[in-house]
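Before any comments, here is the structure.
Just so you know, all these numbers are worked out from the coordinates, no wet-lab data involved. Here the structure is a predicted model, which means the values were calculated and not measured. Counting neighbours? That spans all protein chains shown, and the Cβs are built from the backbone with ideal geometry, glycine included.
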Amino acid sequence: MKTSSMRTARIAAVVAAGVLALTACGGGSDSDDGDTGAAAVNSDATFEAGTTMETLQKAGKITIGTKFDQPGFGEENLSGIPEGFDVEIGKILAAGMGISADNIKWVETPSAVRENVIEDGDVDLVAATYTINDERKERISFAGPYYVAGQQIMVRNDDSTITGPDSFKENADLKVCSVAGSTPADNIGEYLANKSQLVTFDLYSKCADALRTKQVDAVTTDNVILLGLVGDSDGAFKMVGDTFTEEPYGIGLKKGDTAFCEYIVDTLKKASEDGSYEKAWTETAGKVEGAQTPTLPTADACA
């Protein structure tokens, strides 16, 4: 999910309009209270002076960027509270610093602004289907990956003309939608007959609406996101073809914060061992038909 390094006025406007913060309802101070897959809050955690972890622990609160429009990973529920696998991962990381779920401020973070909100200090970390790549590493650091997805294609259920990404090169009249500033929008380019076939919006929910109203013929993004959109479509959509990329999701944080990266990696490893990682999945993205329970990937070295 690729983001340009230029701070354009358009991006600034998206940040101003799209950064919506709210405080999540939920977790008790010392244990899982039933509304979250997160691990128990570690009230006895101690950290080296001057680290991000110590600063957040002393403050007793954390700000996390995530998405609000992706079923299974990050989506607002009917009460306006974000939920999903990324949200639960955020809760696990907060709990390890002694911060309960009700002391997390969630900030809507679309693909195009993720580096910006990290660099500007608007969030402490980003968990938002955030693919690790070298271009982004020039601006921010990643901890992880904590999940590996793959890009795929979603079409209307009655469509038989699109069978995978190669269909767009074979028929130049077909339109495919993805999110501006995203890796899938960049990846699909090599499969298009011309650039005009790609339609972009700031949110995947808008792509789904465009597919439903026949403004576009397909939507492309990571398979787990599409599974959620298909599951919410009342049978209107289906997925076609196989995955054609590998997308390692990482936690975005301030560039060079190695200690925080190492904390995140260690905390996720513990979560995979104590069952809270699997529980976070099964209570969110794992509910979607066809979703397979992942194993925590081996983390990259923190740098």
The Kirkwood hydrodynamic radius of region 53-158, taken as the inverse of the mean 1/r over all distinct Cα pairs, in Å, comes to 14.7 Å
Cross-link reach from Lys195 to aspartates and glutamates, straight Cα distance under 19 Å and at least 8 residues apart if same chain, gives Asp166, Glu170, Asp173, Asp186, Asp217
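With respect to the cross-link table entries Lys91/Lys254; Lys254/Lys287; Lys214/Lys238; Lys58/Lys270; Lys137/Lys269; Lys137/Lys287, which display a Cα-Cα separation exceeding 24 Å? All intermediate terms of the calculation are to be shown ahead of the outcome.
Details: Lys91/Lys254 19 Å; Lys254/Lys287 32 Å; Lys214/Lys238 14 Å; Lys58/Lys270 22 Å; Lys137/Lys269 22 Å; Lys137/Lys287 32 Å.
Too far apart for the 24 Å limit: Lys254/Lys287; Lys137/Lys287.
What's the local net charge at Ala193, with K and R +1, D and E -1, over the other residues with C-beta under 10 Å away? Mind showing how you got there, number by number?
Values: positive: Lys169, Lys195; negative: Glu170, Asp173.
Within the 10 Å Cβ shell, the charges total 0.
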The orientation-averaged projected area of the Cα convex hull of region 151-240, in nm², is 4.8 nm²
Largest first and rounded to whole Å, the semi-axes √(5λ) derived from the alpha carbon gyration tensor of the chain read 33, 20, 17
Computed about the Cα centre, the charge dipole of the chain from +1 Lys/Arg and -1 Asp/Glu charges at the Cβ has a magnitude in debye, to the nearest 20, of 800 debye
The alpha-carbon center of region 288-303 and that of region 169-194 are separated, in whole Å, by 26 Å
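So what's region 144-303 giving for Rg/Rh, alpha carbon basis, Kirkwood Rh from the mean inverse pair distance? Don't skip to the end; give the middle numbers.
Numbers: Rg = 17.4 Å, Rh = 17.0 Å.
Answer for region 144-303: 1.03.
Compute, for region 151-240, the length of the dipole vector about the Cα centre, with Cβ point charges of +1 (Lys, Arg) and -1 (Asp, Glu) only. Units Debye, rounded to 20.
Working: 8 positive and 13 negative charges, 29 e Å.
With Lys and Arg at +1 and Asp and Glu at -1, about 140 debye.
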Per GNM of the chain with C-alpha springs under 10 angstrom, the most fluctuating residue out of Lys105, Lys279, Lys195 is Lys195
Checked against the positive end of the charge dipole of the chain (+1 on Cβ of Lys and Arg, -1 on Cβ of Asp and Glu, about the Cα centre), the farthest of Cys177, Asn77, Cys261 is Cys177
